[in-house]
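**Q** There's a structure below that I have some questions on.
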Amino acid sequence: MTEKKRQHLSLLYDISELSALVADSKDIDSFLQQVVQSVASHLNAEVGSIYLLDDRTDELVLRATKGLKPSSVGRIRMRIGEGLVGMTMARMAPFCDGTACDNPFFKYFEEAGEEPYTSFLAVPIGRGIEKIGVLVVQHSEADYFEAADVMALRAIAAQLAGTVANARLMMGLQQTVRPRSTTELMERLRFIKGEATVPGFALAPAALLKPEDPLLSDVPGADFRTSAKAYQRALKATLDQLRQLQEQLVRRLPESAALIFEAHHMILKDPRFDRQILNAIKLGMPAPDAVRQVARQFINLFEASPDPYIREKARDIEDLARRILFNLRKGKGTSKSPIDDHIVIASQLYPSDVLRLASESVAGIVLVGGGVTSHVAIIARSLKIPMIIAPQGDLLTVPDGAQVLMDADAGTIYIDPSDQIRRQFAGRNRLRRDAAEKAAAMQPQSFTADGRRIHLMANINLLGELPLARELKAEGIGLYRSEFPFIVRSVLPSEEEQRLVYARLFEQTAGIPVFVRTLDIGGDKILPYLNLPREANPELGLRSIRFLLKHRDVFDQQLRAILRAGAKADQLGIMFPMISSVDDFEAASQAVHEAAASLARDQLECHPSPLIGAMVEMPSVLAVLDELAALADFFSIGTNDFIQYMLAVDRTNEHVAGYYQPFHPSILRSLSQIVNCVRRYQKPISVCGEVAHDGDFIPFLLGIGIRHLSVDPQFLPTVQQTIASVTIQQAEAYAQALLAASSLREIEAVREKWRKNRTDRLTVTSA
Ligand code: PEP
Ligand code: MG
């Protein structure tokens, strides 16, 4: 560890000691003074200052300083956005300038006497959506502060937030919120627009998760047990609860359940954690304080790590401490708020909270203000919990039990919705019932109107989608996207972890073919823990098979895991995304053979003869398709990417969305060319992109010879109905007409005619 890092760590310890003292001393001014002294001396800064936000005037006020004139305390004031300090607060982001006096935003205060200080570093202090103040260090030498200083100051600001928030309260700087009547509040909050995060609908009573801050302050009115015995009982209860939660979750999110509490278990296994708490209790500290103190030390250590993923784990320690403290409370059984079938409104959530809410059948989540981590959104999405992020802090004052309607497709929230809004929502429910009826009518095999068999398979992202795919009689898994187990983790999953996930996939798909796609990361699917260099054009960068061929260890582990887990699978296909040349395909196939050979050497059971296929997603493949078709066992057309690359339109860029045209003549003609070529080699070919469930596109695909489609499970019934509504002859005529058209305008005319004829056909059929 460098000298600087060591200093930063000891600074964190000092601050945590100070925070612990403030509750007793109640001397806020001297506490703030000690903080700035300590920060300035550890960072070797000539100036250390703290500014707190005065809610009454909306100004930042200098409350303590080491280095500026003591007489300026309480006198230097600036608005949010004014000067470098005000700007730091406005942006709620650190600001570092090695030559601050030249900065156009620099504001000179004569009474501060700060002329000679050139280097300036400021970090905001905030908690959730609450703005608290700004912590500043300065030095006369230019470019004095480094990235490590920014990190250390951020960690301190995060650690100080709770205590300083209390300090503001005690100093009367925080406006006391005028209590509003429930009616007034409901009137104001009737309709709220937030950010749609996970789509879905819910109409349910509200349940508020009130922010507790058990680490820095006592929960008002909470009564804790304090002995070593009580701590040990609370620890055991926590372990049991974590185990139970894990078991419940394993059913809903098998890929990640074991990992969600990974950090919790790691800390619980660390003898220093337990020993330090017990030692502190032995020395006379009450158990809750001992838990807080030791947890805080661990949090400080984690937060000081240069690795962002270790820093994120600090939140897990907080969660663990929260659980232990909850179990230390007397009469805890009665204080639990029921969230079953409720819409939870919260200002901060941990990934493990989302899982707990899911296991308790939460109807939806409204997250107020910041605090969302990508993990929270990903987990809510995978668990299909409708979720909206809303900036309105007032939402936290909605009374428990008030009726809330959330339309998480649009990001709108209605508190106490009118009858008319409720009726609209009931319509949505009816749509869902229709879908359920269609599902019941699903046949095990799909046929065109003239009896041609079409194989209908499912695309699977999450193991949790498998039961629906089986219920809807999917004839195979045409695409298993293997990214999810990699995305939910904070480190690369080991071969064994992957094997366990894939084993569940194969267990639930006995008797039907499964096509596993190897890891397709890069582009918009980033694994931050890999710390890969930023790319100017990630969609054209080290994506997918390119990443795997460059990182053979990752590729080999995944292949070994798939081959082992699928050892007894009836039909196992392994396919590679983003293949752009024969060379890439050969290299990737070679990797499969080598993985099988290495498993044989290790005497581990593996699938003897997996089919090896290529996804057709790149235009460059068109010119070498004959050679590829001779080599590959099967093909699957990933139209999402094929359209993106063929038309040079980033599929995630809304500004060019108009250019993303699946019916573009070049796309239609290329698809036809691909199918013709592959069929000459008598190799199976399927389509697994989004167009495979598009009612207008399916007849075209059938018309050019596609006989295998793979779609998200919920689309299986409508796709089967579309297939049943056309004959192959009609589909071929439609495809020919589309292929003859050379512009989007002509193509639109063909589609228009097709749609009109289809209405006639349906009228004739139903007559
Ligand atoms: C595709 O590109 O069509 C495809 C199925 O793969 P993904 O959407 O996962 O890139
Ligand atoms: Mg793709």
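The values are calculated or read from the model by the stated rules, or taken from the named source; none is laboratory data. These numbers were taken from a predicted model, which means no experiment stands behind them. A quick note on method: Cβ atoms are made from the backbone with ideal geometry, for glycine too, and the neighbour counts reach across all protein chains shown.
**Q** Taking residue 80 and the conditions (1) surrounded by 19 or more Cβ atoms within 10 Å (Cβ to Cβ); (2) closer than 19 Å to residue 164 by Cα; (3) within 37 Å of the chain's Cα centre (by Cα), which numbered condition does it fall short on, given that it satisfies the others?
**A** That leaves (1) as the condition not met.
**Q** Can you list the helices (runs of 4 or more DSSP H) lying wholly within region 456-536 that have 1 or more residues being within 16 Å of ligand 1 (Cβ to nearest atom)?
**A** Because the criterion is at least 1 residues that are within 16 Å of ligand 1 (Cβ to nearest atom), the helices (runs of 4 or more DSSP H) in region 456-536 that meet it are 466-471, 484-487.
**Q** Now, a different point. Filter region 598-629 for residues that are within 16 Å of ligand 2 (Cβ to nearest atom) and either assigned to a helix (DSSP H, G or I) or at pLDDT below 95 (or both) and give the result.
**A** Matches in region 598-629: 619, 620, 621.
**Q** While we're on this one: State whether the residues of region 574-597 include one that is of a type in the set (A, V, I, L, M, F, W, C), part of a loop (DSSP other than H, G, I, E, B), within 16 Å of ligand 1 (Cβ to nearest atom) and in the same structural domain as residue 689 (by TED's automatic domain parsing).
**A** yes
**Q** Run residue 655 past the list (1) within 15 Å of ligand 1 (Cβ to nearest atom); (2) under 24 Å from residue 524 (Cβ atoms) and report the number of the one that doesn't hold.
**A** The single condition residue 655 does not satisfy is (1).
**Q** For region 507-527, which positions are within 13 Å of ligand 2 (Cβ to nearest atom) and among the hydrophobic types (A, V, I, L, M, F, W, C)?
**A** 519, 521
**Q** Test residue 140 against the criterion of being under 19 Å from residue 85 (Cα atoms), buried (at least 18 other Cβ atoms within 10 Å of the Cβ), at pLDDT 65 or above and hydroxyl-bearing (Ser, Thr, Tyr), and give yes or no.
**A** no
**Q** In region 676-704, which residues are part of a loop (DSSP other than H, G, I, E, B) and more than 13 Å from ligand 1 (Cβ to nearest atom)?
**A** Listed by number, the residues that qualify are 681, 682, 683, 684, 695, 696, 704.
**Q** Something else now. Among (1) surrounded by fewer than 16 Cβ atoms within 10 Å (Cβ to Cβ); (2) on the phi < 0 side of the Ramachandran plot; (3) not basic (Lys, Arg), which single condition is residue 457 missing?
**A** (1)
**Q** Checking the conditions here, which among 322, 381 is in contact with a strand residue (DSSP E or B) (Cβ under 7 Å, 6 or more places away or on another chain), at pLDDT below 85 and charged (D, E, K, R)?
**A** Result: 381 is the single residue among 322, 381 that is in contact with a strand residue (DSSP E or B) (Cβ under 7 Å, 6 or more places away or on another chain), at pLDDT below 85 and charged (D, E, K, R).
**Q** What number of residues in region 572-587 are of a type outside the set (D, E, K, R) and within 15 Å of ligand 2 (Cβ to nearest atom)?
**A** Adding up the residues that qualify gives 6.
**Q** Considering only residues that are among the aliphatic types (A, V, I, L, M) and within 16 Å of ligand 1 (Cβ to nearest atom), look in region 598-621 and name the one that is surrounded by the fewest Cβ atoms within 10 Å (Cβ to Cβ).
**A** Filtering region 598-621 for residues that are among the aliphatic types (A, V, I, L, M) and within 16 Å of ligand 1 (Cβ to nearest atom), the one surrounded by the fewest Cβ atoms within 10 Å (Cβ to Cβ) comes out as 618.
**Q** Looking at (1) modelled with pLDDT of 95 or more; (2) within 16 Å of ligand 2 (Cβ to nearest atom), which is the only condition residue 595 fails?
**A** So the condition that residue 595 fails would be (2).
**Q** Keeping to region 622-659, report how many residues are among the hydroxyl-bearing types (Ser, Thr, Tyr) and crowded, with 17+ Cβ neighbours inside 10 Å.
**A** Qualifying residue count, region 622-659: 3.
**Q** What number goes with the only condition from (1) within 16 Å of ligand 2 (Cβ to nearest atom); (2) surrounded by fewer than 21 Cβ atoms within 10 Å (Cβ to Cβ); (3) over 29 Å from residue 653 (Cα atoms); (4) not aromatic (Phe, Trp, Tyr) that residue 540 does not pass?
**A** (3)
**Q** Still on this structure, I have one more. In this structure, does residue 518 turn out to be under 22 Å from the mean Cα position of the chain (by Cα), modelled with pLDDT of 95 or more and farther than 24 Å from residue 380 by Cβ?
**A** For residue 518, the condition - under 22 Å from the mean Cα position of the chain (by Cα), modelled with pLDDT of 95 or more and farther than 24 Å from residue 380 by Cβ - is met.
**Q** Pairs, please: C-beta under 6 Å, at least 6 apart or cross-chain, first residue touching a residue at least 60 places away in the same chain (Cβ under 8 Å) and in region 508-529, second part of a loop (DSSP other than H, G, I, E, B) and away from ligand 2 (no atom under 13 Å from the Cβ)?
**A** Close Cβ pairs (under 6 Å, with a partner that is part of a loop (DSSP other than H, G, I, E, B) and away from ligand 2 (no atom under 13 Å from the Cβ)) amount to 513/476; 513/571; 529/490; 529/491.
**Q** Of 426, 439, 449, which residue is touching a helix residue (DSSP H, G or I) at 6+ places or on another chain (Cβ under 7 Å) and modelled with pLDDT under 80?
**A** The conditions single out 439.
**Q** Output the residue which, of all residues in region 452-505 that are more than 16 Å from ligand 2 (Cβ to nearest atom) and polar (S, T, N, Q), is nearest to the chain's Cα centre (by Cα).
**A** Per the stated criteria, the residue is 490.
**Q** For region 537-547, name all the residues that are closer than 23 Å to residue 613 by Cβ and part of a loop (DSSP other than H, G, I, E, B).
**A** Correct list: 542, 543.
**Q** So, one more: Pick from region 106-165 the residues that are assigned to a loop (DSSP other than H, G, I, E, B), among the hydroxyl-bearing types (Ser, Thr, Tyr) and touching a residue at least 24 places away in the same chain (Cβ under 8 Å): which of them is nearest to residue 42 (Cα to Cα)?
**A** 144
**Q** Output the number of the condition that residue 163 fails; it satisfies all remaining conditions of (1) surrounded by 18 or more Cβ atoms within 10 Å (Cβ to Cβ); (2) of a type in the set (Ser, Thr, Tyr); (3) modelled with pLDDT of 85 or more.
**A** Status for residue 163: all satisfied but (3).
**Q** For residues in region 632-650 being closer than 13 Å to residue 576 by Cβ and either assigned to a helix (DSSP H, G or I) or out of contact with any Ser or Thr (no Cβ under 7 Å at 6 or more places or on another chain) (or both), which is farthest from ligand 1 (Cβ to nearest atom)?
**A** Among them, the one singled out is 633.
**Q** Shifting gears a bit: Does any residue of region 203-214 turn out to be out of contact with any strand residue (DSSP E or B) (no Cβ under 6 Å at 6 or more places or on another chain), crowded, with 18+ Cβ neighbours inside 10 Å and either in a helix (DSSP H, G or I) or at pLDDT 75 or above (or both)?
**A** Looking through region 203-214, none of the residues is out of contact with any strand residue (DSSP E or B) (no Cβ under 6 Å at 6 or more places or on another chain), crowded, with 18+ Cβ neighbours inside 10 Å and either in a helix (DSSP H, G or I) or at pLDDT 75 or above (or both).
**Q** Next question. Contact list please: Cβ distance under 7 Å, first residue in region 625-648 and closer than 21 Å to residue 520 by Cα, second residue hydroxyl-bearing (Ser, Thr, Tyr) and more than 16 Å from ligand 2 (Cβ to nearest atom), pairs at least six apart or on different chains.
**A** If the second residue must be hydroxyl-bearing (Ser, Thr, Tyr) and more than 16 Å from ligand 2 (Cβ to nearest atom), the pairs left are 646/666; 647/659.
**Q** Write out, first by first residue and then by second, each pair whose Cβ atoms fall under 7 Å of each other, whose residues are 6+ apart or on separate chains, and whose first residue, in region 539-559, is among the aliphatic types (A, V, I, L, M) while the second is away from ligand 1 (no atom under 16 Å from the Cβ) and part of a loop (DSSP other than H, G, I, E, B).
**A** If the second residue must be away from ligand 1 (no atom under 16 Å from the Cβ) and part of a loop (DSSP other than H, G, I, E, B), the pairs left are 542/532; 542/535; 554/492.
**Q** For residue 342, work out the one condition from (1) in contact with a Pro (Cβ under 6 Å, 6 or more places away or on another chain); (2) at pLDDT 85 or above; (3) closer than 25 Å to residue 223 by Cβ it doesn't fulfil.
**A** That leaves (3) as the condition not met.
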